[in-house]
1. Of (1) 1.10; (2) 1.08; (3) 1.22, which one was derived for Rg/Rh (Cα atoms, Kirkwood Rh) from the structure shown?
2. If I fit a long axis through the Cα atoms of helix 3-14 and take the longest principal axis of the Cα atoms of the chain, what angle between them do I get, 0 to 90°, rounded to 10?
3. Below 16 Å Cα-Cα, how many Lys pairs turn up in the chain? Only count pairs eight or more apart in sequence, or on different chains, if you could.
4. In deg cm²/dmol and to the nearest 500, what is the mean residue ellipticity at 222 nm of the chain if only DSSP H runs of at least 4 residues count, each as -39500 (n - 2.57), divided by the residue total?
5. Please calculate how many Å² of accessible area the chain carries per residue, with a 1.4 Å probe and no DNA, RNA or ligand atoms counted.
6. Run the accessible area of the chain with a 1.4 Å probe and give the carbon-and-sulfur part as a rounded percent.
Amino acid sequence: MTLRELLNIAKSELKEMSSLDNPDFRLEQAEYKQDENIWDIVVSYLVENTNPRNSPLSAITSDFKYHRIYKQLKIDNDKKVTGFFIYEK
């Protein structure tokens, strides 16, 4: 399986997780685990920031409209997602 195929599988599985027209999906990490016959990948994408800071300092600090989410997926040799995890490292 190619890296592009892995990214496309992740995009099709995660596209509804963001309300943006272009969530800017990125394949951040990919590792094939031969003993389990699965790909372990990390994908990131943009979502709208629904918790903007409400502070007087917001005027002088950067308060981003979007933020990047990271998810870990396990994909088997049949191109099926077998695991979906929050990625925190």
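1. The listed entry that was calculated here is (1).
2. On a 0 to 90 degree scale, this one is about 60.
3. 11
4. Using -39500 (n - 2.57) per qualifying helix, the result is -4000 deg cm²/dmol.
5. Heavy-atom SASA per residue in the chain reads 73 Å².
6. Solvent-exposed carbon and sulfur of the chain make up 47 percent of the total.
The values are calculated or read from the model by the stated rules, or taken from the named source; none is laboratory data. This is a predicted model, so every value here is computed, not measured. Quick note on the areas: whole protein, heavy atoms, side chains included, nothing else; ligands and nucleic acids left out. Shrake-Rupley method; radii C 1.70, N 1.55, O 1.52, S 1.80 Å.
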